[in-house]
Amino acid sequence: MKTAVPCYYHLDVEVSPEQVGQVRRVLAACLRFWDLEDLVEPVCDGTEMLLNAIDEHATDKNTSIEMWWNGQHLITAIGENDHALRPDQELRGCLARIAAMSDGWGCCATGTGSKIIWFSQRARAGQRVPLVPLAPAPTLRDGLDIPRESVLFVLASRAGTPEPVLEGAR
């Protein structure tokens, strides 16, 4: 059975029509590297819709894209820095399509006034694999010495004979 390792990817981009296609190819390559071929189309389509909407409506085009894979869900988040952009007005159609194609989605504001729009895709039954914690690799400083033989002293004597150690203590 294949095991899953949690994965994370972050990309900062200044959105332009030329960059949207390039971002799509970069995200697709990352998902294929993670063995998530089935999630390439929905994730790239959703990201492309959001980036095109940000390009059309936002004045600040600096955007961050993040993806998290936990073995069962892939969460994609797009953070934009335009304080005037209102998701409930300018991005309403885009968010409706995101909601229809994803397993979960949401929008939240940050403390600086920017917004993060996220959506998740669940791995289908054939892709779900258990997470395996990574064992720490020992370094030379962390290695333990091989145990050596140690000599054990026997304090007890054979049964029935008095022990000389106890005789002297009386």
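Summary of values
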read-out: Count - residues of the stretch 4-22 that are out of contact with any strand residue (DSSP E or B) (no Cβ under 6 Å at 6 or more places or on another chain) and surrounded by 15 or more Cβ atoms within 10 Å (Cβ to Cβ); value: 1
read-out: Filter result (modelled with pLDDT of 90 or more and either over 20 Å from V23 (Cβ atoms) or among the charged types (D, E, K, R) (or both)) within the stretch 61-118; value: E66
read-out: Count of the stretch 40-59 residues which are open to solvent by 10 Å² or more (accessible area, probe 1.4 Å) and more than 15 Å from I78 (Cβ to Cβ); value: 2
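The values are calculated or read from the model by the stated rules, or taken from the named source; none is laboratory data. Small disclaimer: the values here were computed from a predicted structure and weren't measured. We place every Cβ from the backbone using ideal geometry, glycine too, and count neighbours over all the protein chains shown. To get the accessible areas, we keep the full protein, side chains included, count just its heavy atoms, and leave off ligands, DNA and RNA. Shrake-Rupley method; radii C 1.70, N 1.55, O 1.52, S 1.80 Å.
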